[in-house]
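**Q** Here it is: the structure, laid out below.
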Amino acid sequence: MLRLLATGSHGLLGSNILPILERYYTVTPLDIEEWDITDRDAGDRTIRECKPDIILNLAAYTNVDGCEDCLSLADRVNAEAAGIVADLCARRKIKLVHISTDYVFDGEKDSPYTEQDVPNPASVYGLSKLSGERKVLDACPSAIVVRTQWLYGHGGVNFISKITQIAREKGVVEVVDDQRGSPTYTKDLAEPIRALIEENAAGIYHVANSGSCTWFEFAREIFDRLKIEAQLNPIASVHLNRKAKRPRYSVFDCSKLTRDTGFRMRPWPEALQDYLG
Ligand SMILES: NC(=O)c1ccc[n+]([C@@H]2O[C@H](COP(=O)([O-])OP(=O)(O)OC[C@H]3O[C@@H](n4cnc5c(N)ncnc54)[C@H](OP(=O)(O)O)[C@@H]3O)[C@@H](O)[C@H]2O)c1
């Protein structure tokens with residue numbers, strides 16, 4: 001079996017996809033305590049010890065509003081360190097899979113974003129992730145950059161656990177109805193990532209569950225399926241007064257993934273049903 005080393009593996013995505021990827025690869029899951037990706041020497045040491053065939057870079061500074069106040073940390077982890085990982089991979093011919101985000105787009109489009117669309121981030125987080133993509137592909141052109149969005153999964157805090165908790169505690173939940181995207185079940189990223197590796201793909205790929213909704217529509221679907229009777233109110237994003245601007249529209253066109261691997265992402269309601277069990 002090929003050896004896959006994952007960074008940032010204790011996070012939401014890592015804890016959901018690594019158990020699936022273990023079926024196909026010998027996985028070494030590492031997080032910041034074992035390999036802080038900003039530390040080139042630590043990276044060099046780790047790679048010499050583990051001798052991976054593939055590195056899956058899940059490590060990132062993902063506090064979107066926090067990034068607005070911590071520009072240098074966002075840049076160090078999401079951009080500079082991603083470039084370091086890519087450089088280490090290129091020198092040793094290790095296949096790199098790097099994860100990026102829909103926040104590289106400003107959300108001003110009205111039709112699904114393709115990999116050809118020009119990014120224009122509206123937040124520090126998005127800017128740092130775009131810079132990371134560019135550093136990755138400059139240092140390691142054979143890398144696969146998977147852009148994804150609106151992740152939810154098991155463990156940790158996510159949108160679903162947050163709104164169901166508020167519903168239980170307060171009985172009223174306000175959810176934004178002016179941002180449209182594709183909620184994506186973390187586990188659904190494992191197979192397309194594997195397919196991209198198997199095909200020896202390179203470059204940027206959009207990967208998200210198919211179909212789209214607003215956060216409000218997503219919440220309504222969750223409450224309906226869980227038979228939660230709390231009041232659900234649609235609100236505009238401005239009412240949340242968040243530091244970072246979010247894209248108004250960030251639906252992905254994932255046809256490049258299907259064209260290059262044959263893999264088709266399932267609709268988000270089907271994935272949600274699977275998650276809710
Ligand atoms: N969640 C989403 O909706 C979403 C959407 C699109 C794209 N993405 C991308 O998907 C990837 C995984 O995201 P996630 O949701 O799993 O994020 P997450 O839960 O925040 O996990 C990121 C992990 O990286 C670790 N980390 C932070 N700085 C590090 C460093 N310098 N060296 C090594 N590890 C470090 C974090 O540790 P600490 O917790 O100790 O900081 C955490 O365990 C990221 O690239 C993110 O940008 C996420």
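The values are calculated or read from the model by the stated rules, or taken from the named source; none is laboratory data. The structure presented is a predicted model; accordingly, all values stated were derived computationally and were not measured. Here the Cβ is made from the backbone with ideal geometry for all residues, glycine too, and neighbour counts use every protein chain on show.
**Q** Condition first: surrounded by 20 or more Cβ atoms within 10 Å (Cβ to Cβ), touching a residue at least 12 places away in the same chain (Cβ under 8 Å) and more than 9 Å from the ligand (Cβ to nearest atom). Can you find one or more residues in the stretch 41-50 that meet it? Please lay out each step first, then the result.
**A** Of the stretch 41-50, the ones surrounded by 20 or more Cβ atoms within 10 Å (Cβ to Cβ) are 43, 46.
Now restrict to residues that are touching a residue at least 12 places away in the same chain (Cβ under 8 Å): 43, 46.
Adding the requirement that they be more than 9 Å from the ligand (Cβ to nearest atom) leaves 43, 46.
Yes, the stretch 41-50 contains a residue that is surrounded by 20 or more Cβ atoms within 10 Å (Cβ to Cβ), touching a residue at least 12 places away in the same chain (Cβ under 8 Å) and more than 9 Å from the ligand (Cβ to nearest atom).
**Q** Another question, if that's okay. Looking only at the stretch 79-95, count how many residues are surrounded by 24 or more Cβ atoms within 10 Å (Cβ to Cβ), under 19 Å from the mean Cα position of the chain (by Cα) and more than 10 Å from the ligand (Cβ to nearest atom). Spell out how you get there, then give the answer.
**A** Of the residues in the stretch 79-95, the ones surrounded by 24 or more Cβ atoms within 10 Å (Cβ to Cβ) are 81-82, 85-86, 89.
Now narrow it down to the ones that are under 19 Å from the mean Cα position of the chain (by Cα): 81-82, 85-86.
Cutting the leftovers down to more than 10 Å from the ligand (Cβ to nearest atom) gives us 86.
Of the residues in the stretch 79-95, 1 are surrounded by 24 or more Cβ atoms within 10 Å (Cβ to Cβ), under 19 Å from the mean Cα position of the chain (by Cα) and more than 10 Å from the ligand (Cβ to nearest atom).
**Q** Moving on to the next point. Here are some conditions: (1) within 16 Å of the ligand (Cβ to nearest atom); (2) under 28 Å from Lys93 (Cα atoms). Glu191 meets all but one. Which one does it not meet?
**A** (1)
**Q** Select from the stretch 1-28 the residues that are of a type outside the set (A, V, I, L, M), touching a strand residue (DSSP E or B) at 6+ places or on another chain (Cβ under 7 Å) and more than 10 Å from the ligand (Cβ to nearest atom) and list them in ascending order.
**A** Once the filter is applied, which keeps residues that are of a type outside the set (A, V, I, L, M), touching a strand residue (DSSP E or B) at 6+ places or on another chain (Cβ under 7 Å) and more than 10 Å from the ligand (Cβ to nearest atom), the stretch 1-28 yields Arg3, Tyr25, Thr26, Thr28.
**Q** Only one of Pro141, Pro112 is farther than 17 Å from Leu189 by Cβ and crowded, with 18+ Cβ neighbours inside 10 Å. Can you tell me which? Give the derivation first.
**A** Details: Pro141 fails: crowded, with 18+ Cβ neighbours inside 10 Å.
Among Pro141, Pro112, only Pro112 is farther than 17 Å from Leu189 by Cβ and crowded, with 18+ Cβ neighbours inside 10 Å.
**Q** Now a separate question. State which residue pairs qualify: first residue touching a residue at least 60 places away in the same chain (Cβ under 8 Å) and within 8 Å of the ligand (Cβ to nearest atom) and inside the stretch 128-157, second residue assigned to a helix (DSSP H, G or I) and of a type in the set (Ser, Thr, Tyr) in any location, beta carbons under 9 Å apart, and separation of 6 or more residues or different chains.
**A** Note: pairs meeting the criteria are Lys129/Tyr103; Thr148/Thr186; Gln149/Tyr103; Leu151/Thr186; Tyr152/Ser161; Tyr152/Thr186; Tyr152/Tyr275; Gly156/Ser15.
**Q** Further question: Within the stretch 231-261, restricting attention to residues that are modelled with pLDDT of 95 or more, in a loop (DSSP other than H, G, I, E, B) and out of contact with any Asp or Glu (no Cβ under 9 Å at 6 or more places or on another chain), which residue is farthest from Glu115 (Cα to Cα)?
**A** That would be Arg246.
**Q** All but one of (1) in a helix (DSSP H, G or I); (2) over 18 Å from Asn57 (Cβ atoms); (3) not β-branched (Val, Ile, Thr) hold for Pro192, so report the exception by its number.
**A** That leaves (2) as the condition not met.
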